[in-house]
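The block underneath contains the structure these notes are about, expressed in structure tokens.
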Amino acid sequence: MALTLEQVGVAFGGFRALTEVSLAIEPGQVTGLIGPNGAGKTTCVNTLTGFQRPGTGRVVLEGRDLSRLPAHGFRRAGVARTFQAGRLFGGLDVLDNLACTGVGLGLRRAAAEQAAAEVLHWMGLEALESRPAAGLPYTDERRVAIARALIGNPRYLLLDEPAAGMSEKEAADLADLIRRIATEKGTGCLLIEHNVGLVLSLCAHVVVLDGGRVIEQGDRAAILASAAVREAYFGADQQEAA
Ligand SMILES: Nc1ncnc2c1ncn2[C@@H]1O[C@H](COP(=O)(O)OP(=O)(O)OP(=O)(O)O)[C@@H](O)[C@H]1O
């Protein structure tokens with residue numbers, strides 16, 4: 001039972017962004033996805049959520065091949081995501097931003113508002129309900145984007161750099177929230193982050209990409225001990241000098 005990429009390749013014109021990438025996101029766990037700039041992390045998330053079709057290989061949700069589904073089909077099947085930018089509807093208040101997603105998932109208006117209120121309550125964000133999304137402080141906007149992704153209780157949640165631009169304290173609070181999503185809701189989370197410390201502190205399993213390929217995966221100890229990971233981040237020369 002997992003959301004998986006199986007031997008996935010993605011090319012943009014002649015450029016291979018992903019080559020034979022296989023990885024699994026397990027329910028109830030936070031899996032980390034790290035790698036230098038341009039490694040292919042966002043392309044992985046796009047492929048895992050139907051925003052990008054794999055050229056080769058498959059995206060499989062608990063035994064079901066989703067590779068040909070459009071993005072809204074992934075969402076309805078229980079795979080939600082956040083984006084690097086919040087992408088909220090600025091003209092709507094926070095409750096309506098969440099309720100829109102509920103309606104898109106097939107709920108009636110009242111049920112969608114109820115689901116939205118429940119998620120905001122679960123996250124301790126009730127006070128934001130009637131605030132216009134456009135005026136939200138940056139970290140609140142990012143938290144509301146996560147709340148919106150939780151509408152409909154997705155089985156899997158993919159978070160693309162959710163801590164970008166946050167202070168250490170805000171990032172620690174965010175880590176607590178992600179931990180709660182995995183443990184209390186049983187959601188399988190994939191966390192993409194440039195903040196490698198945050199990923200290593202939060203994730204039982206970490207996948208490292210470089211040049212569109214998986215160069216390492218394992219627990220914190222395996223990642224810290226990996227020569228391939230050091231080389232990807234610091235380069236072979238500096239590694240020898242160290
Ligand atoms: N639509 C596209 N057309 C052409 N090239 C693309 C497209 N999307 C991504 N790429 C290229 O594919 C490679 C992987 O990009 P991707 O955004 O997945 O990397 P990333 O690891 O998320 O990077 P970053 O950490 O900088 O966000 C990069 O070289 C990027 O320029």
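Remarks
- Karplus 3J(HN,Hα) series, Hz, for segment 10-17 with 6.51 cos²θ - 1.76 cosθ + 1.60 (x for Gly, Pro): 9, 10, 10, x, x, 8, 8, 7
- Virtual paramagnetic centre 7 Å along Cα→Cβ of Ala222, amide N under 17 Å, in segment 17-56: 21-27, 29-35
- Segment 93-242 - Debye-derived log10 I(q)/I(0), Cα point model, q = 0.12, 0.21 Å⁻¹: -0.60, -1.30
- Interchain or long-range residues, amide H under 5 Å from Ala2's placed H: Glu62, Gly63
- Label-point gap, in nm, between His121 and Arg53 - each point 7 angstrom along Cα→Cβ: 4.3 nm
- Value of relative contact order over the chain, rounded to a whole percent, pairs C-alpha under 8 Å and six or more apart: 27 percent
- Shape descriptor for segment 42-150: Rg over Rh equals 1.02 (Cα atoms; Rh from the Kirkwood inverse mean 1/r).
- Taking amide H as placed 1.01 Å from N in the peptide plane, the amide H of Ala17 sits under 5 Å from that of Val10, Ala11, Phe12, each at least 5 places away or on another chain.
- Positive-pole candidate from Asn195, Ala77, Val229, dipole of segment 25-241, charges at beta carbon: Ala77
- Each residue of segment 119-127 is assigned a 3J(HN,Hα), and the resulting list reads 5, 4, 5, 4, 8, x, 10, 3, 5 Hz, derived from the Karplus form 6.51 cos²θ - 1.76 cosθ + 1.60 (θ = phi - 60°), x at Gly and Pro.
- At q = 0.30 Å⁻¹, base-10 log of I(q)/I(0) for segment 88-134 (Debye sum, equal scatterers on each alpha carbon): -1.07
- Per-residue ellipticity at 222 nm computed for the chain from its helices equals -12000 deg cm²/dmol, with DSSP H segments shorter than 4 residues left out and the rest contributing -39,500 (n - 2.57).
- For segment 117-199: rounded, prolate or oblate by the Cα gyration tensor [a/c cutoff 1.5]: oblate
- With both residues required to sit in segment 158-242, DSSP beta bridges show an antiparallel share near 60%.
Laboratory data are not the source of any read-out in this text; all were calculated from the coordinates shown. These figures come from a predicted structure and were not determined experimentally. Please note: Cβ atoms are built from the backbone with ideal geometry, for glycine as well, and neighbour counts cover all protein chains shown.
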